[in-house]
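Step one of this worksheet: look at the structure below.
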Amino acid sequence: MVKRALCAGLLAVAGLLVGSVPILRAADSPLQGAWQVVDQNGRPGPGVYIFAKTHYSMMTASADRPDIVDISQANADDLRALYGPMAANAGVYEVSGNLVTIRPIVAKIPVVMKGGAYEVYAFAINGDSLTLTQQRNVRGPVDGRAPVRLVRVE
């Protein structure tokens, strides 16, 4: 009888603790939707982030890449200039408080999509504006990364 009461009490406390942790299912995520990268002046740039119910996709590029019409004729330097300043990955995500954790399934850079890989970003939403600042990844804390600024484009 005492064991039963003790177990019931522990389960009740555990339920209260779990209920107080603000983990959102992605379907309830304030990030859900399509967002376009913007520069410091709020002008649209080459980048789109899409957050669906449980999956996301991120793709950005530099606007200063060369115009190469026929990549079969490009040399190694041309290809580095074309593809180097691009970032792309897609996978699953979860939100906890003001942090979003992404777990890439596919990525431009293979190490980003290895098993167990993840990235954590702090986010802030102000109206239709979103700011993402990377905090850490599977290798540890990330310092000095500029925040990514986006606007909702739904």
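Please enumerate the residues belonging to region 53-82 that are modelled with pLDDT under 95, within 20 Å of the chain's Cα centre (by Cα) and of a type in the set (A, V, I, L, M, F, W, C).
Once the filter is applied, which keeps residues that are modelled with pLDDT under 95, within 20 Å of the chain's Cα centre (by Cα) and of a type in the set (A, V, I, L, M, F, W, C), region 53-82 yields only A61.
Using beta carbons and a limit of 7 Å, which pairs, at least six apart or on different chains, have the first residue in region 47-64 and without any contact (Cβ under 8 Å) to a residue 40 or more places away in the chain and of a type in the set (V, I, T) and the second one buried (at least 16 other Cβ atoms within 10 Å of the Cβ) and outside any strand (DSSP E or B)?
The qualifying pairs are T54/A26.
When the residues of region 23-47 are narrowed to those that are over 30 Å from P85 (Cβ atoms) and surrounded by 10 or more Cβ atoms within 10 Å (Cβ to Cβ), which ends up modelled with the highest pLDDT? Lay out the reasoning, then the answer.
Filtering region 23-47 for residues over 30 Å from P85 (Cβ atoms) gives 23-25, 27-28.
Among the residues that remain, those that are also surrounded by 10 or more Cβ atoms within 10 Å (Cβ to Cβ) are: 23-25, 28.
Working: I23: 49, L24: 46, R25: 48, D28: 73.
Among those residues, the one meeting the criterion is D28.
Taking the stated definitions as given, is I50 β-branched (V, I, T), under 18 Å from the mean Cα position of the chain (by Cα) and at pLDDT below 90?
Spelling it out, it is not the case that I50 is β-branched (V, I, T), under 18 Å from the mean Cα position of the chain (by Cα) and at pLDDT below 90.
Condition test on S96, is it among the hydroxyl-bearing types (S, T, Y), surrounded by 10 or more Cβ atoms within 10 Å (Cβ to Cβ) and modelled with pLDDT of 95 or more?
Against the criterion (among the hydroxyl-bearing types (S, T, Y), surrounded by 10 or more Cβ atoms within 10 Å (Cβ to Cβ) and modelled with pLDDT of 95 or more), S96 qualifies.
Among the residues in region 83-97, are any among the hydroxyl-bearing types (S, T, Y) and assigned to a strand (DSSP E or B)?
yes
Here are the criteria: (1) in contact (Cβ under 8 Å) with a residue 12 or more places away in the chain; (2) farther than 25 Å from G42 by Cβ. Tell me which single one V111 does not satisfy.
(1)
Just one of A122, A146 is aliphatic (A, V, I, L, M), at pLDDT below 95 and either surrounded by fewer than 16 Cβ atoms within 10 Å (Cβ to Cβ) or not in a strand (DSSP E or B) (or both); which is it?
So the residue among A122, A146 that is aliphatic (A, V, I, L, M), at pLDDT below 95 and either surrounded by fewer than 16 Cβ atoms within 10 Å (Cβ to Cβ) or not in a strand (DSSP E or B) (or both) is A146.
On the given criteria, is P85 more than 12 Å from the chain's Cα centre (by Cα) and either more than 16 Å from V48 (Cβ to Cβ) or hydroxyl-bearing (S, T, Y) (or both)?
Judged against the criteria, P85 is not a match.
Does R80 qualify as being exposed (fewer than 12 other Cβ atoms within 10 Å of the Cβ) and free of Cβ contacts under 8 Å to residues at least 12 places away in the same chain?
Answer is yes for this residue.
The values are calculated or read from the model by the stated rules, or taken from the named source; none is laboratory data. Being a predicted model, the structure only gives us computed values, none of them experimental. When we count neighbours, we look across all protein chains shown, and the Cβ atoms used for this are built from the backbone with ideal geometry, even at glycine.
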